[in-house]
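Chemist: The structure's right below; bear with me while I get my questions together.
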Amino acid sequence: MSQDLSRDKILKMYEDTGAMRTGHFLLAAGGHTDRFFQSATVMQFPDSARQLGECIAGLWGDVSIDFVIGPAMGGVILAAITAQFMGVRALFAEKDASGSGMFIRPGMTVRDGERFLAVEDVVTTGTSVMKAIRAAEAAGGVCVGVSAVIDRNEGETPFPYPYRPLTSLRVLTYDPDDCPLCQRGVPLEKI
Amino acid sequence: MGVRESELRDLLGETGAYREGHFEAAQGQHILSYVHCERLFQYPALASRAANLLFEVLEGVDATFVFAPSISALPLGFELARRTTWQFAVHALPFTLATYRFPPKTRVLVVDDVVVSGRSLRHAREWCRQRGAEVAGFAVLVDRRPQGGSEFEGLRLWSGLHAPVRTFTPEDCPACRDGIPIEPVDPNYPERMG
C-alpha cells in the first residue's frame, strides 16, 4: 500500500474541506445527530478523493475482486476511484422507481458468480449500501466485502460480509422522542 | 472523421455504449441509435482515456469548477477535474441545498456525457446561476444534436464526438417499416435532474 490514512488525517480532510458539520440534524434514516458528514464536499477535491479510494483499494489486496459497486450518489465516485486503483470495473446502483430498492442500469455488466466489493462514503445504518449489494447479487454477483470511508455505526457490524472501513467513529444517533438537542431547543436541520 | 473522433467512436462501439437498433425515445419518437456512456465508464481505464480525448479539445476554457449534472456524467466530470486544478461538484449534498452558494467568482464548466435536446445542460446552467456561479461553457463526450457545433445557447460547447440522432415519428420510421421490434430504452431510468 502506497499510503496510509490515519483516522486523524481523514477527519482533518473532512474538517478542512467543510465536510464535517456540527449542529442538530435529521438523518435520512429518521434519527437525530449532532455531527454530519457531507462526503460530496470532500469528493470535490480530486486529490483527496483519490487518496481515499486508493486506501480502500489497499485494504483488499488479499481478496480477488471483479468489480466495485457503490450506491448513488455517495458511493459512485468512490467506487470509480477504488476500481481504478484495483484495475477492475466500477458500477453503481441507484434508486428504482419505487424508491425502496436499487437497480443497476442494464448497460453495466455483472457476470454470474463475479466477486464484488461494495463501497460507501459514510455508513450509518448501512441501508443504502445493502440495497446496492442486493441489486448486484440479484444480477448474479457475489459480495466479498464492504468498505466505507467513515463507519459511524454503533455496535455490531451491519453487514453479513467482511467489513473494512477506513475509520470508525462513535457518533451518537438519537431517537427523535428522546433527543437532548431537541430538549435544548436546538433548531433541527433536515439533510 | 478525425483520429480523436474515430478513437472515441471505437471506445463507445466496443463497450456497447453506442448501439444501433430500434428504440423509442421520449415523446414517442423513434431513434435508430442510442448512447449510454455508463457502459463505457464502467471500465476505469477506458473512462480515463475518453476523458483524455475530451480534455484535449478543451482549448481556451476558463473555468475553476466542474459540475456534473447527472450520475452517468460523474466519472467523466471527475476525470476532467483531476487533470486540472479545478474543483468538482456533483448533484448531491451539499450542492443540492437551496441555500448552497458556490465560492465567489466560481466559473463552472458543465460536463455531461451526452447532449441531445440540451434540457439537462440548460437546467444545470440555471442551477449553477441560482447558486452564484457563472457558467463558462459546456463539455460533452457525445453531441447528438442534429447540427452539432461549438455553441449552446450563446456559450461555448466542447464535444468529443458529433453523432447526430435522427428521430422519426412511428409512421415515418424506417425500422418500423422493416418490422424490426422496438428495444426498450432502460425504462427504469429516473428522470435526470429537473
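The values are calculated or read from the model by the stated rules, or taken from the named source; none is laboratory data. None of these values were measured; they are calculated from a predicted model. Cβ sites come from the backbone with ideal geometry, for glycine too, and all protein chains shown count toward neighbours.
For (1) in a loop (DSSP other than H, G, I, E, B); (2) in contact with a helix residue (DSSP H, G or I) (Cβ under 8 Å, 6 or more places away or on another chain); (3) closer than 26 Å to residue A:93 by Cα; (4) of a type in the set (Val, Ile, Thr), each residue gets a yes or a no:
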{"residue": "B:108", "(1), (2), (3), (4)": "no, yes, no, yes"}
{"residue": "B:121", "(1), (2), (3), (4)": "no, no, yes, no"}
{"residue": "B:124", "(1), (2), (3), (4)": "no, no, yes, no"}
{"residue": "B:127", "(1), (2), (3), (4)": "no, no, yes, no"}
{"residue": "B:136", "(1), (2), (3), (4)": "no, no, no, no"}
{"residue": "B:156", "(1), (2), (3), (4)": "no, no, no, no"}
{"residue": "B:171", "(1), (2), (3), (4)": "yes, no, no, no"}
{"residue": "B:176", "(1), (2), (3), (4)": "no, no, no, no"}
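Chemist: Checking residue B:105 against (1) under 16 Å from the mean Cα position of the chain (by Cα); (2) more than 14 Å from chain A (Cβ to nearest Cβ), only one condition comes out false. Which one?
Modeler: Condition not satisfied by residue B:105: (1).
Chemist: Against the conditions (1) in contact with a strand residue (DSSP E or B) (Cβ under 6 Å, 6 or more places away or on another chain); (2) more than 7 Å from every other protein chain (Cβ to nearest Cβ), where does residue B:56 fall short? Just the number, please.
Modeler: Answer for residue B:56: the failing condition is (1).
Chemist: Suppose the filter is over 18 Å from the mean Cα position of the chain (by Cα) and on the phi > 0 side of the Ramachandran plot; does residue A:141 pass it? Don't jump to the end; show me each part of the working.
Modeler: On the way: over 18 Å from the mean Cα position of the chain (by Cα): yes; on the phi > 0 side of the Ramachandran plot: no.
In short, no.
Chemist: If you don't mind, there's one more thing I want to ask. Quick one: residue B:117 ticks every box in (1) assigned to a loop (DSSP other than H, G, I, E, B); (2) more than 26 Å from residue B:147 (Cα to Cα) except a single one, so which number is it?
Modeler: If we test residue B:117 against (1) assigned to a loop (DSSP other than H, G, I, E, B); (2) more than 26 Å from residue B:147 (Cα to Cα), just (2) comes out false.
Chemist: Considering only segment A:38-123, give the strands (runs of 3 or more DSSP E) lying wholly within it that have at least 2 residues that are at pLDDT 95 or above and facing chain B (nearest Cβ under 10 Å). Quick ask: steps written out before the conclusion?
Modeler: Working: elements: A:67-71, A:89-95, A:115-123.
Passing ranges, in order: A:67-71, A:89-95.
Chemist: If residue B:160 satisfies every condition in (1) modelled with pLDDT under 95; (2) surrounded by 14 or more Cβ atoms within 10 Å (Cβ to Cβ); (3) away from chain A (no Cβ under 14 Å); (4) under 21 Å from residue B:66 (Cβ atoms) but one, which is the exception?
Modeler: (1)
Chemist: Also, I was wondering about something else. Keeping to segment A:22-37, report how many residues are without any contact (Cβ under 8 Å) to a residue 24 or more places away in the chain and either under 21 Å from residue A:126 (Cβ atoms) or part of a loop (DSSP other than H, G, I, E, B) (or both). Break it down stepwise before answering.
Modeler: So the first thing to find is which residues in segment A:22-37 are without any contact (Cβ under 8 Å) to a residue 24 or more places away in the chain, and the list is A:22.
Those left that are additionally either under 21 Å from residue A:126 (Cβ atoms) or part of a loop (DSSP other than H, G, I, E, B) (or both): none.
Matching residues across segment A:22-37 total 0.
Chemist: Could you please give the count of residues in segment B:1-32 that are farther than 18 Å from residue B:183 by Cβ, not basic (Lys, Arg) and not in a loop (DSSP other than H, G, I, E, B)? Explain how you work it out, then say what you get.
Modeler: So in segment B:1-32, the residues farther than 18 Å from residue B:183 by Cβ come out as B:1-11, B:14.
Remaining after also requiring not basic (Lys, Arg): B:1-3, B:5-8, B:10-11, B:14.
Of the ones still in play, those that are also not in a loop (DSSP other than H, G, I, E, B) are B:3, B:5-8, B:10-11, B:14.
Result for segment B:1-32: 8.
Chemist: Restricting to segment A:1-20, what's the tally of residues that are of a type outside the set (Gly, Ala, Ser) and at pLDDT 85 or above?
Modeler: Taking segment A:1-20 first, the residues of a type outside the set (Gly, Ala, Ser) are A:1, A:3-5, A:7-17, A:20.
Filter once more, keeping what is at pLDDT 85 or above: A:8-17, A:20.
Qualifying residue count, segment A:1-20: 11.
Chemist: May I pose another question? Does residue B:45 fit the bill of being away from chain A (no Cβ under 14 Å), without any contact (Cβ under 8 Å) to a residue 40 or more places away in the chain, out of contact with any Leu (no Cβ under 6 Å at 6 or more places or on another chain) and over 15 Å from residue B:133 (Cβ atoms)? So that I can check it myself, show each step before the final result.
Modeler: On the way: away from chain A (no Cβ under 14 Å): no; without any contact (Cβ under 8 Å) to a residue 40 or more places away in the chain: yes; out of contact with any Leu (no Cβ under 6 Å at 6 or more places or on another chain): yes; over 15 Å from residue B:133 (Cβ atoms): yes.
When the stated conditions are applied, residue B:45 does not pass them.
Per-residue answers, yes or no, for (1) of a type outside the set (Ser, Thr, Tyr); (2) surrounded by fewer than 16 Cβ atoms within 10 Å (Cβ to Cβ); (3) more than 14 Å from the chain's Cα centre (by Cα):
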{"residue": "A:5", "(1), (2), (3)": "yes, no, yes"}
{"residue": "A:8", "(1), (2), (3)": "yes, yes, yes"}
{"residue": "A:15", "(1), (2), (3)": "yes, yes, yes"}
{"residue": "A:40", "(1), (2), (3)": "yes, no, no"}
{"residue": "A:48", "(1), (2), (3)": "no, no, yes"}
{"residue": "A:54", "(1), (2), (3)": "yes, no, yes"}
{"residue": "A:58", "(1), (2), (3)": "yes, no, yes"}
{"residue": "A:74", "(1), (2), (3)": "yes, no, no"}
{"residue": "A:84", "(1), (2), (3)": "yes, no, yes"}
